[in-house]
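Okay, so here's the structure we're looking at.
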Amino acid sequence: MDTVTERAEAVLFKGNPATLLGAEVKVGDDAPDFCVVDNGLQPVTLATDAGKVRLITVVPSLDTPVCDAMTRKFNQDAAALPDSVVVYTISVDLPFAQKRWCGNAGIDKVKTLSDYQERSFGLNYGVLLKDLKLLARAVFVIDANDQVAYVELVPEVTAEPDYIAALNSVKNLL
């Protein structure tokens, strides 16, 4: 069995140090593959939207205030992006809960994806919180050639990301 990289005190969760599982992903890396499911329980991998720029936002749970605000903000910003860009929000929320939340929140530009089955995104992108089995807050931009163009691991999981930097990274790839 493969050993999983542990990164002690990589982030804070409500002010307390938290350990992340998985290797750190850096700008310039080949984007790691993953397998998550969409709201219809269909698999989504890195290849699903091959050739497009992918803005991947990662949240612990859509049912929390910061995750709710973050996903709404990226949904609003996604409306101004061309069809060559896809915006994902990945959490370990069940797909049924994600679908319900999107309907209630009017989310129509962001594709919510669930990592509840294997935590493959969390492990492959180094954002799985060891003790909570939730995903840490992060933003990744993957270019059309599957290269990592932007990474923000938010230092305090309960804080919001740098929206402007993430969107500027996407715009620089267009």
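The values are calculated or read from the model by the stated rules, or taken from the named source; none is laboratory data. On a predicted model such as this, the values are computed, not experimentally measured, just so you know. Neighbour counts run over all protein chains shown; Cβ positions are idealised from the backbone, glycine included.
Numerical summary
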read-out: Segment 22-60 - residue that is within 17 Å of GLN117 (Cβ to Cβ) and acidic (Asp, Glu) and, of those, surrounded by the fewest Cβ atoms within 10 Å (Cβ to Cβ); value: ASP33
read-out: Those strands (runs of 3 or more DSSP E) lying entirely in segment 103-174 with at least 1 residues farther than 18 Å from ALA50 by Cα, of a type outside the set (Phe, Trp, Tyr) and out of contact with any Leu (no Cβ under 7 Å at 6 or more places or on another chain); value: 138-142, 148-153
read-out: Yes/no for THR89 being within 15 Å of the chain's Cα centre (by Cα) and either exposed (fewer than 15 other Cβ atoms within 10 Å of the Cβ) or among the polar types (S, T, N, Q) (or both); value: yes
read-out: Filter result for ASP63 (surrounded by 13 or more Cβ atoms within 10 Å (Cβ to Cβ), closer than 20 Å to LEU129 by Cβ, over 15 Å from the mean Cα position of the chain (by Cα) and modelled with pLDDT under 95); value: yes
read-out: LEU62, sole failed condition from (1) part of a helix (DSSP H, G or I); (2) of a type outside the set (Lys, Arg); (3) in contact with an Asp or Glu (Cβ under 8 Å, 6 or more places away or on another chain); value: (1)
read-out: Checklist (1) over 24 Å from ASP30 (Cα atoms); (2) in a loop (DSSP other than H, G, I, E, B) applied to ALA97, failing item; value: (2)
